[in-house]
Amino acid sequence: MSAVNDTKFNCAVFLLTGIPGQEDIHLWISTVFCLTYAISIVGNSLILLIIKTDLSLHGTMYIFLSMLAITDLGLLIASMPTILGVFLFSSREISLNASVAQLFFIQSFTFTESAVLLLMAFDRFIAISNPLKYTSIITLLRIAMIGLVFVLRGVAVILPLRLLLKRFQFCRANILSHSFCLHMEVMTMACADITVNNMYGLFITVLTVVLHSLLIFLSYVMILKTVLSISSHVEFLRALNTCVSHLCAVLLFYMPEFTLTLMHRFRKSSFPLLQIVIGYIYTLVPPLMNPIMYSVKSKHLHSRIMEVFVK
């Protein structure tokens, strides 16, 4: 009996893998990750600083962009320490408490970013379909209230996962396939029935990511319907142009998210290396690309960023 208990206790320490079979080039890979991390932190922080200090950028679009930058920074801060620890210092061990805390923050920021993208889609829909009433519908107070509700909802739906994982004893293989912790993978190592965890994880995925993506899709269907009714070719292109950055952000966020979720639930039929690579894309690419895409599309924001670097 004591041997079993010891096994359960020891397996509560998980091992992060990096990229299996590529340990010899982990240090070189870490260079790419460090560069990505630095650019993402600087880019998102710079956008927040410029929007905060420039009163002309206190409009609703830039408030949404600030919210997106904050969630991207949160996702980076939650995931990158263990990723860099594995690749730079071969620090592979992570305790159960640290693992649960990390997956809590990663998923909370992920679901919050999904909600921000939904709000941005709704904003584009109102701006294009009903521009005369835009300022009365999309107010700063309303944005703040809805944003707060989404943040609290993200925390509320993820918190039970932490409690559900903490009740387990772990006695199976303790090697994680990523350099960060995800609920779908950690729960499979429990030496108990994980049906409740599995069903609840599926429930919150449907409640948040799937529902948000469907509502975003519906918003773009309505946007397209409105745009096609515009007779002026110039106005037609201008309306579509306002959606390009957001549409790219949506694709960058949801495509890896859906792919990773499906691979974890049907992992026997997936390629392990591809699953690991998509995991890094899911964590690193949106925070890197969002500031670049929005600064390129916004001439005012682009000019303010250039002023910072020129000075």
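Each reported figure results from applying straightforward, stated rules to the coordinates on display, with no laboratory input. In this text the structure is predicted, and so the values were computed from the model without any measurement. In this analysis, Cβ positions are derived from the backbone assuming ideal geometry, glycine residues included, and neighbour counts consider all displayed protein chains.
Need the full-extension length gain, Leu84 to Leu15, defined as separation in residues times 0.36 nm minus the C-alpha distance. One decimal, nm.
Details: separation 69, 0.36 × 69 = 24.84 nm, distance 1.42 nm.
In short, 23.4 nm is gained.
Quick one: order His302, His183 by neighbouring beta-carbon count within 10 Å, fewest to most.
Listed from fewest to most nearby Cβ atoms, that is His302, His183.
List Phe125, Phe258, Phe170, Phe253 from most exposed to least, where exposure is judged by having the fewest other Cβ atoms within 10 Å.
Ascending number of Cβ neighbours within 10 Å: Phe258, Phe125, Phe170, Phe253.
Quick one: putting +1 on the C-beta of Lys and Arg, -1 on the C-beta of Asp and Glu, what dipole do you get for region 2-310 around its Cα centre, in Debye to the nearest 20?
Computed charge dipole of region 2-310: roughly 600 debye.
Tell me, what HN-Hα J-couplings in whole Hz come from the Karplus equation 6.51 cos²θ - 1.76 cosθ + 1.60 at θ = phi - 60° for each residue of region 213-230, using x for Gly and Pro?
5, 5, 5, 5, 4, 4, 4, 6, 5, 5, 4, 4, 4, 5, 5, 5, 8, 6
Hey, what do the phi angles of region 280-290 turn into as Karplus ³J(HN,Hα) couplings, whole Hz, using 6.51/-1.76/1.60 and θ = phi - 60°, x for Gly and Pro?
Karplus values, whole Hz, x for Gly and Pro: 6, 4, 4, 8, 9, 6, x, x, 6, 8, 4.
If each residue's Cβ is checked for other Cβ atoms within 10 Å, how do Cys181, Cys191, Cys171 rank with the fewest at the top? Write down the numbers at each step before the final one.
Working: Cys181 26, Cys191 14, Cys171 19.
In order of increasing Cβ crowding within 10 Å: Cys191, Cys171, Cys181.
Skipping prolines and chain starts, which residues have an amide H placed within reach, meaning under 5 Å, of the one on Ile175, given they are 5 or more residues away or on another chain?
Leu15
Could you please report the charge total around Ile63, scoring K, R as +1 and D, E as -1 over all other residues with beta-carbon less than 12 angstrom from its beta-carbon? Don't jump to the answer; show the numbers that get you there.
Values: positive: Lys52, Arg142; negative: Asp123.
Counting the neighbours of Ile63, the net charge comes to +1.
Running a GNM on the chain with Cα contacts under 10 Å, which residue among Leu132, Leu88, Leu260 ends up with the highest mean-square fluctuation?
Leu132
Normalised by the number of residues in region 206-311, what is the relative contact order in percent for Cα pairs under 8 Å and 6+ residues apart?
Values: 34 pairs, mean separation 23.7, N = 106.
Computed value for region 206-311: 22 percent relative contact order.
Number of Lys pairs in the chain with C-alpha atoms less than 30 angstrom apart, excluding same-chain neighbours closer than eight positions?
Here the count comes out as 14.
What net charge is computed for the residues neighbouring Thr283, neighbours being all others with C-beta under 13 Å from the C-beta of Thr283, Lys and Arg scored +1, Asp and Glu -1? Don't skip to the answer; put the middle values down first.
Values: positive: none; negative: Asp72, Glu113, Glu257.
Cβ neighbours under 13 Å give a net charge of -3.
For the chain, what does the relative contact order come out to in percent, with C-alpha contacts under 8 Å and a separation of six or more? Before the final figure, lay out the partial values.
Working: 313 pairs, mean separation 85.6, N = 311.
For the chain, the relative contact order is 28 percent.
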